[in-house]
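J.: Quick one: the structure is below, questions incoming.
The values are calculated or read from the model by the stated rules, or taken from the named source; none is laboratory data. Bear in mind the structure is a predicted one, so any value in this text is a computation, not a measurement. Heads up, the Cβs are rebuilt from the backbone with ideal geometry, glycines too, and the neighbour counts pull from every protein chain shown.
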Amino acid sequence: MLTGRQTLGTIEQSLQDLRREEAELSKRIERSTRSLTDLQERQSEAYRDLARFRLDSDAAGALNTRLDSAAREARRLLDKRSADYKVLSEQLRQSESERNQLHKKRGELDSARDAAENQMDELMEAVDGRLENDSAYQAQNRATEAALATAEAAATKAMTSERDRAEKGKAYDDDPLFIYLWQRGFGTPDYRHRGLVRSLDGWVAGIIRFHDARANYAMLTGIPERMARHAERCAQIARQEQAKLAEFSRNAMTDAAGTDLVGSIENYSEEIDRIDGDLDKLDRRIETLSTALAEFSGGEDADFLKAEEHLSVSLQADDLNELWRAALDTPSPEDEKIVQRIEDLKERIEQIAREIRQDRELQRDIGRRRTELADVIKRFRSSGYGSWESTFSDNKLTTVLLGELVKGAITGADYWARAERSHKRRKPRGRKVAFPHGTGLPKSMGGFGGSGGPGGNFPGAGDSFGGGGFKSGSGFGGGGFKTGDHF
């Protein structure tokens, strides 16, 4: 069995390894790209040397001027490009360094939180023993159960009343004359119209017997509002009772541990959540910089394309082709070495160009795999799969399956589907006496928070009566107030 944190940590390490591989490949492509332009410049120089042997001084001078101009413009663009590349590389280095520092700090906090959670889990039996025979706790437990039951019943009645209003009020809502008078406040102190308008409204009211209908509609709409307010008051009382009950569990745990473990765990979690937010922003920035550098290293940026065009066009001109053919047709000892040098350079240029094309394809493939891994990590975090309570029965998630995901043999969706099927949530030890329904238990351990209090970390806090709902007969962890089974 794997813990959620073990699994998530292994996936994150694989992502870091893939990023390093991608960075090394980008550097290799950049080196090859610069080598390619250097070879093209050397090829241009070789053609100038050949021109000195094969052409008269005027023709050679014109050719050299054109080649020199193309080479200078290409060099200017490449120097500018090199400066831009260094700036981007430094920004990426700083972002990755910051990310590594944050990731290290997060790991330290995660370890501290994990130790506190394990200590708390080991003390659950002792805390149950303390509370099992505590009459004050048992009395508060009964008061909480009663408040939860009342709140659940009130919420049910409020929702039933709202359904009745929708069903029985449909005839009123569908009557345009009735709704017209109702919205104007006819028959109430809010009605302000006089003269002809008042007379006409009164005539319409008489035809549809508005006064009788208005009283019935007012009662029909008023009942759900009163029931909703009552349900909210009951929910507030239930939250207050749960907060009191949670304090018993938390205090008993503090006594057993000699320190406020729940508070420590929640403080760690808050800091980890903050770091996760910072990491998410950094990851987006790193992604943007990596994409830009991939374009640079692959020679897809505007400056490189212009430089390459200047060199290529100058080397593909008709007069150079004629010079080349003449040197091949009538070789002489003077230019034979130059011709061989041009041929060697041409062959080397073609070889490096092939290598760059292959590396670019590999770079795109690594980018796709990196995106798949990053998406899996986001899903893990958003689903809480990295928490203490999360476990996975499939050990292949950190071995074979992860290896296939890294290699691109399976997609992130395939991996996620296997993870979901394998996922389980473990429950703390004990006899289900302390932290009933998860109230007061840290969220990372499957609870609703440790401090509690009205409007605090308890289920349903701040919701309307129909928002979170009250649930019966199930363990904690699904949201809403619950009665029945303890966790």
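J.: If we keep just the residues of the stretch 283-293 that are out of contact with any Ser or Thr (no Cβ under 6 Å at 6 or more places or on another chain) and among the hydrophobic types (A, V, I, L, M, F, W, C), which is surrounded by the most Cβ atoms within 10 Å (Cβ to Cβ)?
T.: Looking at residues that are out of contact with any Ser or Thr (no Cβ under 6 Å at 6 or more places or on another chain) and among the hydrophobic types (A, V, I, L, M, F, W, C), I get 289.
J.: Based on this model, can you work out whether residue 122 counts as surrounded by fewer than 17 Cβ atoms within 10 Å (Cβ to Cβ), modelled with pLDDT of 85 or more, under 25 Å from residue 37 (Cα atoms) and of a type in the set (D, E, K, R)?
T.: Values: surrounded by fewer than 17 Cβ atoms within 10 Å (Cβ to Cβ): yes; modelled with pLDDT of 85 or more: yes; under 25 Å from residue 37 (Cα atoms): no; of a type in the set (D, E, K, R): yes.
It is false that residue 122 is surrounded by fewer than 17 Cβ atoms within 10 Å (Cβ to Cβ), modelled with pLDDT of 85 or more, under 25 Å from residue 37 (Cα atoms) and of a type in the set (D, E, K, R).
J.: A further question on this structure: Is there any pair linking a residue in the stretch 176-200 that is within 18 Å of residue 213 (Cα to Cα) to one that is of a type in the set (Asp, Glu) and assigned to a helix (DSSP H, G or I), with Cβ under 6 Å and at least six apart or on different chains, and which?
T.: 186/201
J.: Additional query: Quick check on my filter: what residues within the stretch 87-108 are out of contact with any Leu (no Cβ under 8 Å at 6 or more places or on another chain) and buried (at least 16 other Cβ atoms within 10 Å of the Cβ)?
T.: 96
J.: Now a separate question. Checking residue 147 against (1) surrounded by 19 or more Cβ atoms within 10 Å (Cβ to Cβ); (2) closer than 24 Å to residue 238 by Cβ; (3) without any contact (Cβ under 8 Å) to a residue 60 or more places away in the chain, which test does it fail?
T.: Exception for residue 147: condition (3).
J.: Just to verify a result, which residue in the stretch 5-28, among those that are in contact (Cβ under 8 Å) with a residue 24 or more places away in the chain and of a type in the set (Lys, Arg), is surrounded by the most Cβ atoms within 10 Å (Cβ to Cβ)?
T.: Checking each candidate, the answer is 5.
J.: Okay, next question. So, in the stretch 359-408, how many residues would count as being touching an Asp or Glu at 6+ places or on another chain (Cβ under 7 Å), assigned to a loop (DSSP other than H, G, I, E, B) and surrounded by 15 or more Cβ atoms within 10 Å (Cβ to Cβ)?
T.: Residues flagged as touching an Asp or Glu at 6+ places or on another chain (Cβ under 7 Å), assigned to a loop (DSSP other than H, G, I, E, B) and surrounded by 15 or more Cβ atoms within 10 Å (Cβ to Cβ) within the stretch 359-408 amount to 1.
J.: Follow-up. May I ask you to list the residues in the stretch 221-232 that are surrounded by fewer than 23 Cβ atoms within 10 Å (Cβ to Cβ) and in contact (Cβ under 8 Å) with a residue 12 or more places away in the chain?
T.: Within the stretch 221-232, 221, 223, 224, 227, 228, 230, 232 qualify.
J.: Restricting to the stretch 5-60, name every residue that is at pLDDT 90 or above and among the small types (Gly, Ala, Ser).
T.: Those that are at pLDDT 90 or above and among the small types (Gly, Ala, Ser): 9, 14.
J.: Give me the residue from the stretch 409-450 that is hydroxyl-bearing (Ser, Thr, Tyr), surrounded by 18 or more Cβ atoms within 10 Å (Cβ to Cβ) and modelled with pLDDT of 90 or more and, out of that set, nearest to residue 247 (Cα to Cα).
T.: So the first thing to find is which residues in the stretch 409-450 are hydroxyl-bearing (Ser, Thr, Tyr), and the list is 411, 415, 422, 439, 444.
Still in the running and surrounded by 18 or more Cβ atoms within 10 Å (Cβ to Cβ): 415, 422, 439, 444.
Remaining after also requiring modelled with pLDDT of 90 or more: 415, 422.
Details: 415: 41, 422: 35 Å.
The extreme case among them is 422.
J.: Condition test on residue 194, is it over 23 Å from residue 223 (Cα atoms) and loosely packed, with under 10 Cβ neighbours inside 10 Å?
T.: yes
J.: May I pose another question? Condition (residue is more than 30 Å from residue 140 (Cα to Cα) and in contact with a Lys or Arg (Cβ under 8 Å, 6 or more places away or on another chain)) applied to the stretch 263-272: is it met by at least one residue?
T.: Yes, that holds for at least one residue.
J.: Step by step: first the residues of the stretch 319-349, then only those that are surrounded by 12 or more Cβ atoms within 10 Å (Cβ to Cβ) and at pLDDT 85 or above, then the one that is farthest from residue 37 (Cα to Cα). Which residue is that?
T.: 344
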